[in-house]
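> Take this structure first; my questions come after.
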There are 2 protein chains.
Amino acid sequence: MTYQNDILLRTLRGEKTERRPVWMMRQAGRVLAEYRAVREKAGSFIALATTPELASEVTVQPVDIFGVDAAIIFSDILVVPEGMGLPYEMYEKQGPFFPKTIQTAADVEALHLIEPEQHLGYVMEAIRLTKQKLQQRVPLIGFAGAPWTIFAYMTEGKGSKTFSKAKAFLYQQPTIAHALLHKITQSTIAYLKGQIVAGADVLQLFDSWAGILSPESYRTFALPYIAQICEAIKDVPMIVFAKDAHFARAWLGELPCAAVGLDWTMEAGDSRRLIGADKVLQGNLDPCVLYADETNLRKEVEKMLRSFDSKHIVNLGHGLYPDISPAKAKLFVDTAKEISTELHLRM
Amino acid sequence: MTYQNDILLRTLRGEKTERRPVWMMRQAGRVLAEYRAVREKAGSFIALATTPELASEVTVQPVDIFGVDAAIIFSDILVVPEGMGLPYEMYEKQGPFFPKTIQTAADVEALHLIEPEQHLGYVMEAIRLTKQKLQQRVPLIGFAGAPWTIFAYMTEGKGSKTFSKAKAFLYQQPTIAHALLHKITQSTIAYLKGQIVAGADVLQLFDSWAGILSPESYRTFALPYIAQICEAIKDVPMIVFAKDAHFARAWLGELPCAAVGLDWTMEAGDSRRLIGADKVLQGNLDPCVLYADETNLRKEVEKMLRSFDSKHIVNLGHGLYPDISPAKAKLFVDTAKEISTELHLRM
């Protein structure tokens, strides 16, 4: 498929480009009044995520409003446990909550593997509708949570500062933990392949809770499952974002994926050295820079762009915060395009 | 002053020792029934921290019960803002709350510098009483929050996942931020010197929120103030623990302090290389390992001990979690002593 703007895909293929592509984590939702209007119409976060017409509408908003170089499907990483038979609720300000959690081998056994159209048809349909609405302007990013992060929610049952129940599970019942991680991985592979069939052009894995594991636990319980997913996904480029997993960068560099995401605590130079020359790096402005005035915002964006080489997808180091002004988000996108054009002209 | 057990002090001076010293962050409080009894008598966390007789009692408990090689004064990093004229409240499960926060230059101006006996006399008295109760069995560690962490609470007003208000302050009002950080630093130096006069033998700086800053922000707003404190404290050894600040390890290695604390995401070998040969390293077992059974706990402790060289103070990578069993905490201490004795015999 060809796109009016394919700079993200060309960058992911390692081609030289006229500037760097830019998108923002959490660009669909949170900061936009246009999003909140649709969210209100839906009635709840989960209703919005499971109504393809509305989910596709908010997915396209940031392409129209911010001029980002890609859309990312509006959804939630926790649809995977939902699709496997472990439903969750979402509470305003408090986040997700699982009425039942996974604790035993029998609990793992009771979960089923995901058949994308059967169990998560609403995501597939949202992707198809989004592709129609985008009319080939920009590519669409699909995503899933990495297995460890999904495991953490399924065993802890809710968000947590320490995820100490989830981590205790790893130390207390490693065999059952691996069985659950294996099942999540198989489901995730099926789910991501479904997203490709439905129209996703790029896939991102979010390992949001990577940084609370020790390096050894990460190598035992997280990395092998990410590797299995990367190996199974051949048809579109894959971006792996393991938040706070500074210790894992050299290992991520060896994965068969196109790009590695960085948070703002990971310096570009160090990261390039650790990850190696071939991967595209994505990131990594501190979202709090978007609270700065225009002059300081421009200065910080320029510094960030100069710290990376040209194999770079511009993004924040984490999602937009809800109280960031849309004008500042747009300024980030515009500035990244403008300054990276100047930088690439000189390269 | 001489102690029956001075292995912590000898290790901090760089001497060869028969085994490694061990203590645990949050050893005073949280997991002990004996602590909860005193806490109940006090009526509230703040009442306990501000009643020297009771604070000294809970400080000594882990020496008696766990056999750790040092006591650490039971107190709170937020007594510094309190002492500067910014009072806080503490809510069960929700944590600290500042009814008024610092937002303007006038707010900074209105704060006063700490005179330890005048503003934080209850801590000084708790240290003196603790020293009596310890009867020179082990040394006493005093502590303070690092200036950035104290700044974060004073501007954000409460705990936060992102501390986005505190970080926005740095980007929006850097000059006022530096004025506040300067004032916190001066107060902290006076406070720590007061702790030494009262009897503290070792001091630890806790930079609990170090890891949410970008490397550049850390070097601008956090590190210089820690350096000022280290330079001002000459009489006792200093331990600097900057949680999650993996990117700052090489800089921490250049501080005039005796030891650097590590969390469990920081590998011992990498950290030694980054920090340099002269510093003692402290840490870094994942507290969640204390949920494991005895066999796995011993295995993990041994692995951790072997990953460090002998310039090592054994500790957890963060504080004990409230639901960890005291028996497991004691097993950690016993195992660390036993295995490190074997390791040092062979060295």
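Each value in this text was obtained by applying a stated rule to the coordinates, not by laboratory testing. Fair warning: this is a prediction, and the values are worked out from it, not measured in the lab. All Cβ positions, glycine included, derive from the backbone under ideal geometry; neighbour counts span all protein chains shown.
> Quick one: net charge of B:Gln195's neighbours, Cβ under 15 Å, K/R +1, D/E -1?
Net of charged neighbours comes to -2.
> Taking B:Lys311 as the anchor, which lysines have their alpha carbon closer than 17 Å to its alpha carbon, excluding any fewer than eight residues away along the same chain?
Counting by Cα, and skipping residues close in sequence, B:Lys311 has these lysines nearby: B:Lys16, B:Lys279, B:Lys303, B:Lys337.
> On a 0 to 90 degree scale, rounded to 10, what angle separates helix B:52-66 from the longest Cα axis of chain B?
Helix B:52-66 sits at roughly 30 degrees to that axis.
> Still on this model: For a footprinting-style exposure proxy, rank B:Leu8, B:Leu129 by other Cβ within 10 Å, fewest first.
By the 10 Å Cβ count, ascending, the order reads B:Leu129, B:Leu8.
> Between B:Arg128 and A:Arg128, what is the spin-label point distance in nm, taking each point 7 Å from the Cα along the Cα→C-beta axis?
Each label point is offset 7 Å from its Cα along the Cβ direction, giving 7.9 nm.
> Give the long-range amide H neighbours of A:Arg137: residues separated by 5 or more places, or on another chain, with amide H under 5 Å away, using H modelled in the peptide plane at 1.01 Å from N.
Close amide H contacts, sequence-distant or interchain: A:Gln4.
> So what's the gap between the Cα centers of the stretch B:73-105 and the stretch A:108-154, to the nearest angstrom?
The two parts, judged by their Cα centres, are 44 Å apart.
> How many percent of DSSP beta bridges within the stretch B:7-345 run antiparallel, rounded to 5?
15
> Over the stretch B:237-286, calculate the relative contact order: mean separation of alpha carbon pairs under 8 Å at least 6 apart, over the residue count, as a percent.
RCO, the stretch B:237-286: 41 percent.
> When the C-alpha atoms of the protein assembly as shown are aligned to their principal axes, what extent does each axis show, in angstrom, from largest down?
Extents along the principal axes, in whole Å: 78, 59, 47.
> Here is a follow-up. Dipole magnitude of the stretch A:26-69 about its Cα centre, charges +1 at Lys/Arg Cβ and -1 at Asp/Glu Cβ only, in debye to the nearest 20?
Dipole of the stretch A:26-69, to the nearest 20 debye: 240 debye.
> Enumerate the calculated ³J(HN,Hα) couplings along the stretch A:15-22 in order (Karplus 6.51 cos²θ - 1.76 cosθ + 1.60, θ = phi - 60°), each rounded to whole Hz, writing x wherever the residue is Gly or Pro.
Result, rounded to whole Hz: 7, 6, 10, 6, 7, 9, x, 9.
> Can you give me the long-range amide H partners of A:Ile72? Hydrogens built in the peptide plane at 1.01 Å from N, cutoff under 5 Å, separation of 5 or more residues or another chain.
A:Ile141
> Report, in whole Å, the centroid distance computed from the Cα atoms of the stretch A:223-289 and the stretch B:245-297.
24
> In debye, nearest 20, what is the charge dipole magnitude of the stretch B:7-345 about its Cα centre with +1 on Lys and Arg Cβ and -1 on Asp and Glu Cβ, if you could check?
In debye, rounded to 20, the stretch B:7-345 gives about 300.
> Just to be sure I follow: if Rg is taken over the C-alpha atoms of chain B and Rh is the Kirkwood radius over the same atoms, what is Rg/Rh?
0.94
> Follow-up question, since we're still on this one. What is the sum of charges around B:Thr11, taking Lys and Arg as +1, Asp and Glu as -1, for the other residues whose C-beta is under 10 Å from the C-beta of B:Thr11?
So the environment of B:Thr11 carries a net charge of +3.
> Before anything else, pin down the relative contact order of the stretch A:104-188: Cα pairs under 8 Å, at least 6 apart, normalised by residue count, whole percent.
Reported relative contact order: 41 percent.
> Output ³J(HN,Hα) for the stretch A:242-258: one whole-Hz value per residue in order, computed from phi by the Karplus curve 6.51 cos²θ - 1.76 cosθ + 1.60 with θ = phi - 60°, and x for Gly and Pro.
10, 5, 6, 8, 3, 5, 9, 4, 5, 5, 4, x, 8, 6, x, 10, 7
> Given charges of +1 on the Cβ of Lys and Arg and -1 on the Cβ of Asp and Glu, with all other atoms neutral, how large is the dipole of the stretch A:34-130 about its Cα centre, in debye to the nearest 20?
Dipole magnitude for the stretch A:34-130 comes out near 220 debye.
> Give me the percent of Cα-Cα pairs in the stretch A:1-98 that sit more than 22 Å apart, rounded to a whole number.
40
> Return the loop-located trypsin sites (Lys or Arg not before Pro) in the stretch A:156-235 (DSSP other than H, G, I, E, B) with at most 14 other Cβ atoms within 10 Å of their own Cβ; answer none if there are none.
A:Lys161, A:Lys234
> Per residue of chain A, what 222 nm ellipticity follows from adding -39500 (n - 2.57) for every DSSP H run with n ≥ 4, rounded to the nearest 500?
-14500 deg cm²/dmol
> Same structure, new question: For the stretch A:7-346, what does the relative contact order come out to in percent, with C-alpha contacts under 8 Å and a separation of six or more?
Computed over the stretch A:7-346, the figure is 21 percent.
> Would you count, across the stretch B:76-178, every pair of lysines whose alpha carbons are under 15 angstrom apart, provided the pair is eight or more residues apart or spans two chains?
Eligible lysine pairs with Cα atoms under 15 Å apart amount to 5.
> Still on this model: Quick one: Karplus J couplings for the stretch B:138-145, per residue in order, coefficients 6.51, -1.76, 1.60, θ = phi - 60°, nearest Hz, x for Gly and Pro?
Per-residue couplings from phi come out as 9, x, 10, 9, x, 7, 8, x Hz.
> Note down the net charge around A:Arg36, summing +1 for each Lys or Arg and -1 for each Asp or Glu among other residues with Cβ under 13 Å from its Cβ.
-2
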